[in-house]
Amino acid sequence: MKENKFSFKEIKQLAFVSSILAFFFFILTCVVKSKGLSIFFGIMAGISLLGGCVCLYLAHRISSKHINYFLRDRRRGTMLTPDQLTFAFIHDNLTYYLSQYVENSIDLWNGIPQNLEMAMQAEPAYRAPVAFRMLYDMSQLSETEILALFHACDKKTVAAICRAVKAGGDKEMADIIFEMKCDFERLQARVVPFFQKNKRCFEGRIYHYIKQHIAEFDTEKK
């Protein structure tokens, strides 16, 4: 992703401020009695209006070159606003993202593919959502499947999940998961309840992380 000096939102705000200033100066142009001041405010109104038009043009240029992965409705070809986001919509787009690397996202527990690891190195914003998605996927399984898959999972994979969860703002959860993996024989009775009871928590972590970091998922259109 390329960094822009000003974001799309900031440029739109500048355009709005410029339009307010143009209106303000226009009112002053009409009410002042001094011809000199009237001309000055008229010039300022014109400059403000021109500035607003430039900002709108720049905003259009940015929006035409960039797209946000989690705001794009692939089926309708439209873009949502952050306030319109739902967990179901985010889940669907995250599923589509992961489908480029694995047939089923639960397979990530068998090891994170090299191409996905490289993609997340290039775009680190995806690490936390992918990790929380893995936890959410695990919570969907039966008790037997949870226990077997967590036990069979490589410690390096669990460590990678925990680092991403910690970076996503939940150190306590990361510590619990890693402790259960490192001391599985003693703590295995805690594994299934942990995943089953935290299903809604995993949903919330995915939703809130993406919504709070939505600008980090802007990317250039291909």
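The values are calculated or read from the model by the stated rules, or taken from the named source; none is laboratory data. All values reported here derive from a predicted model rather than from experimental measurement. Using ideal geometry, Cβ is built from the backbone for each residue, glycine included, and neighbour counts are taken over all protein chains shown. With ligands, DNA and RNA removed, areas are computed over all heavy atoms of the protein, side chains included. Shrake-Rupley method; radii C 1.70, N 1.55, O 1.52, S 1.80 Å.
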Exercise for review: Quote to one decimal, in nm, the extra length available between ALA152 and ASP92 on full extension: 0.36 nm per residue of separation minus the C-alpha distance between them.
Suggested key: 18.9 nm
Exercise for review: Could you sort out which of LYS155/LYS211; LYS181/LYS211; LYS156/LYS197; LYS171/LYS211 sit more than 22 Å apart by Cα distance in this structure?
Suggested key: LYS155/LYS211; LYS181/LYS211; LYS156/LYS197
Practice item. Report in % the part of the accessible area of the range 87-205 that belongs to carbon and sulfur, leaving out ligands and nucleic acids; probe 1.4 Å. Key: 50
**Study point:** Surface per residue (accessible, 1.4 Å probe) for the chain, Å²
**Key:** 60
Practice item. Rounding to the nearest 20 debye, state how big the charge dipole of the chain is about its Cα centre with +1 on each Lys and Arg Cβ and -1 on each Asp and Glu Cβ. Key: 1040
Study note, to complete from the structure: Of every Cα-Cα pair in the range 89-196, the percentage lying beyond 21 Å is 30
Check your understanding: How large is ³J(HN,Hα) for each residue in the range 16-21, as worked out from phi by the Karplus curve 6.51 cos²θ - 1.76 cosθ + 1.60 (θ = phi - 60°), to whole Hz, x for Gly and Pro?
Key -> 5, 4, 4, 5, 5, 4
Review point. Taking the alpha-carbon set of the chain, what are its Rg and Dmax in Å?
Key: 24.8, 88
